[in-house]
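> Just passing along the structure, written as structure tokens.
Read the figures in this text as sums done on the coordinates, not as results from a lab. Worth saying up front: this structure is predicted, and the values here are computed from it rather than measured. Positions of Cβ are generated from backbone atoms using ideal geometry, with glycine treated the same way; all protein chains shown enter the neighbour counts.
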Amino acid sequence: MSQAEPLSAVFQRLIANYGPISLLHYMGESNARYYADKDPFGADGDFITAPEISQMFGELVGLWLADIWVRAGSPQPVHYVEMGPGRGTLARDALRSMKRVGLEPQVHFVEGSQALRALQAEAVPQAQWHHDLGSVPTDAPLLVVGNEFLDALPVRQLVKTAKGWRERMVDWAEDRFRPVAGEKPMDAAVPDALKDAPESTLLETCPGAAAVMHELAARLAAQGGAALLIDYGYAARQTGSTLQALRAHTRVDPFAMPGEADLTCLVDFAILAEIAAGEGATWQGTVTQGAFLRALGIEMRAAHLAAAAPHHAETIQRAKDRLINDDQMGTLFKVMGVTGPQWPQGAGF
């Protein structure tokens, strides 16, 4: 497959030859193509993330990690690991605030995109890069951050039909991609509580997020450390499709242009908490981003920054509001804390 060939053409050929493809396949290939060779962040990109809105976000994440590290006895050496570090902005801000309290960890980035690795190297030159957590060192505690990392991992959707549960597939018909129910029974993959759900009930599962949490929690249980996972998602189990696509800061049809828009789904933090506990790690809690940042003192930090730079005061207040207000990122985004079993309770949970 040449990089120049549009992904829609590849999918159409695949469907013509072999029938509908799974939504998991469609979303996985689309995001792999989308992230492969571009910087999608910021005003000129397709979306903006919390670290790009204000330095306060990364600073407070860094202070949270530094605080829990100090209360765990300041172990040395220690590894800072960021999954999907974007442009490296969060890491740069977090490492700066960690350094103030004497925490200077070795830095590891889990990143597949060459374009983003180049930007990350400018922001954090001392970083080492990994394709997944597997090659991150096992010799010391881990301080892990994943901000808007899990939401881009492909999901499997199951839908209740008149014949029972089926996987949601993607077909090509009438000149467009459209979701359809597959032929193969999937009842065995559905939790008992939902087996008898009404027709048209839709269930999302994310095998990639589950796999990441299994590995991360097992590592924290074995090595010690703490992780913050920050993403838009839900803390109690729910049903329904959460698939959406963003292009140039605007929601678009997820089936309209595969590989050219960012496909995401809400993160199921409830199942991730169960997985973490099952691997022997401690689930610290899942709270809203607004509550978490308020508990860490973002309002005081904003006031301090505004007093130091009065000509930027309005911008600073706007950024703070965007991060914590209920009608912006404050409620939709959740923060989940996971630690090794011997580590203390983190602030804000």
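> Could you tell me which chymotrypsin sites (Phe, Trp or Tyr not before Pro) in the stretch 183-275 are loop residues by DSSP with no more than 15 other beta carbons within 10 angstrom of their beta carbon? Don't jump to the answer; show the numbers that get you there.
On the way: sites: Tyr232, Tyr234, Phe255, Phe269; in loops: Phe255.
Answer in residue order: no site qualifies.
> Also, quick follow-up: Rounded to the nearest Å, what's the spacing between the alpha carbon centres of the stretch 125-148 and the stretch 249-286? Just the number, please.
20 Å
> What's the ranking of 186-199, 209-222 by average number of surrounding C-beta atoms within 10 Å, highest first? Working shown, then result.
Working: 186-199: 11.4, 209-222: 20.4.
Highest-to-lowest ranking by the protection proxy: 209-222, 186-199.
> While we're looking at this one, here's another question. Counting other C-beta atoms within 10 Å, which of Ser22, Ser30, Ser200 has the fewest, and how do the rest follow?
Numbers: Ser22 16, Ser30 25, Ser200 12.
Least crowded to most crowded, the residues run Ser200, Ser22, Ser30.
> Given points 7 Å out from each Cα along the Cα-Cβ axis, report the Ala309 to Gln106 separation in nanometres with one decimal.
Each label point lies 7 Å from its Cα, and together they span 3.4 nm.
> Looking at the chain, how many pairs of lysines come closer than 30 Å at the Cα, when each pair is eight or more places apart or spans two chains?
Close lysine pairs under the 30 Å cut-off: 12.
> What are the residues whose amide H is under 5 Å from the amide H of Thr161, where those residues sit 5 or more places off or on another chain and H is modelled from the backbone?
For Thr161, the qualifying residues are Arg166, Ser200.
> Separate question: Once you put a point 7 Å from the Cα of Asn17 and another 7 Å from the Cα of Asp192, both along the Cβ direction, what distance in nm separates them?
Roughly 4.4 nm, to one decimal.
> Please rank Arg33, Arg87, fewest neighbouring Cβ atoms within 10 Å first, as an exposure proxy. Intermediate values should be presented prior to the final figure.
Working: Arg33 18, Arg87 21.
Arranged by neighbour count, lowest to highest, Arg33, Arg87 become Arg33, Arg87.
> I would also like to ask the following. When the chain is treated as a GNM, springs tying every alpha-carbon pair under 10 Å, which of Thr264, Thr49, Thr339 comes out with the largest mean-square fluctuation?
Result for the chain, Cα springs under 10 Å: Thr49 fluctuates most.
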